[in-house]
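Some notes on the structure that comes next.
Laboratory data are not the source of any read-out in this text; all were calculated from the coordinates shown. Owing to the predicted nature of the structure, the values given are computational and were not obtained by experimental measurement.
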């Protein structure tokens, strides 16, 4: 390719996903894997796929992704999560784009989110565009000030013109219910900590009912009914039901933490 491309991936214990991801990017010039403490076969799998592996202590998503990008040498960078893969059509599109003179400086890629193996097409889950392909010097990940020192909420900032590619990235997000529920439990705890830190926990009974009961019910109704989530079958029902439960858990955990703090 006239415009050389590097892929940047951060990992920790991704042996179940990484081989699939790496197989979809074998056409690129450089693959950088930044690992933070894997105890499974992640590093072995990465090296077997001709990736250059670096090992660093975990410093948060934004810092880790920026460190991986800094180790790339291509004029362009494709930033991927370890549970994502490029469709053959997307591989061909990126190859053709970088074999010419790309008109934009950064590209959003539509993402197919899979839940229990099913592509969730409705309820706000598709096309889910993510900015992943960019000129190396034009973009970086940041953490908003209110979320500093938190392991979530990294965003990407870029300079220049943006466009959207035509083909999809596949996100193998939650292959099992156990995996999804564990993830939502963990992230609802993190979300509750953010609520407490920002002082957004009301002590009033009406606010408690609104946050723990009313908002989750309304979000389920909006996404499952009005945004056609019901068209995604049983998987869609479970996903939107548990998404609503996540919101309830987040506010309930924030209330519990605030109450404990007042009592101590």
Q. Cα gyration tensor of segment 177-263, axes a ≥ b ≥ c as square roots of the eigenvalues: rounded (a/c below 1.5), prolate (a/b > b/c) or oblate?
A. oblate
Q: Using Cα pairs closer than 8 Å and at least 6 residues apart in sequence, work out the relative contact order for segment 67-222, in percent.
A: 28 percent
Q | Helix axis angle, 177-197 relative to the chain longest principal axis, alpha carbon, degrees | A | 70 degrees
Q) What is the chain's relative contact order, in percent, from Cα pairs under 8 angstrom and six or more apart in sequence? A) 18 percent
Q) How much length, in nm to one decimal, is gained on full extension between residue 210 and residue 73, taken as 0.36 nm per residue of separation minus their Cα-Cα distance? A) 44.3 nm
Q: Measure nothing fancy, just the Cα-based angle from helix 88-98's long axis to the longest principal axis of the chain, in degrees from 0 to 90, nearest 10.
A: 60 degrees
Q | CD proxy at 222 nm, helix term only [per DSSP H run n ≥ 4: -39500 (n - 2.57); per residue of the chain; nearest 500] | A | -11500 deg cm²/dmol
Q: In a Gaussian network model over the chain where Cα atoms closer than 10 Å are linked, find which of 181, 43, 69 has the largest mean-square fluctuation.
A: 181
Q. With the contact rule set at Cα under 8 Å and sequence spacing of 6 or more, what percent relative contact order holds for segment 177-263?
A. 46 percent
**Q.** Tensor-based shape of segment 61-118 (alpha-carbon gyration tensor, a/c under 1.5 rounded, otherwise prolate or oblate)
**A.** oblate
Q. What percent antiparallel are the DSSP beta bridges of segment 5-174, to the nearest 5?
A. 40 percent
Q. Among rounded, prolate and oblate, which fits the chain when a ≥ b ≥ c are the square roots of the eigenvalues of its C-alpha gyration tensor, a/c under 1.5 means rounded, and a/b larger than b/c means prolate?
A. prolate
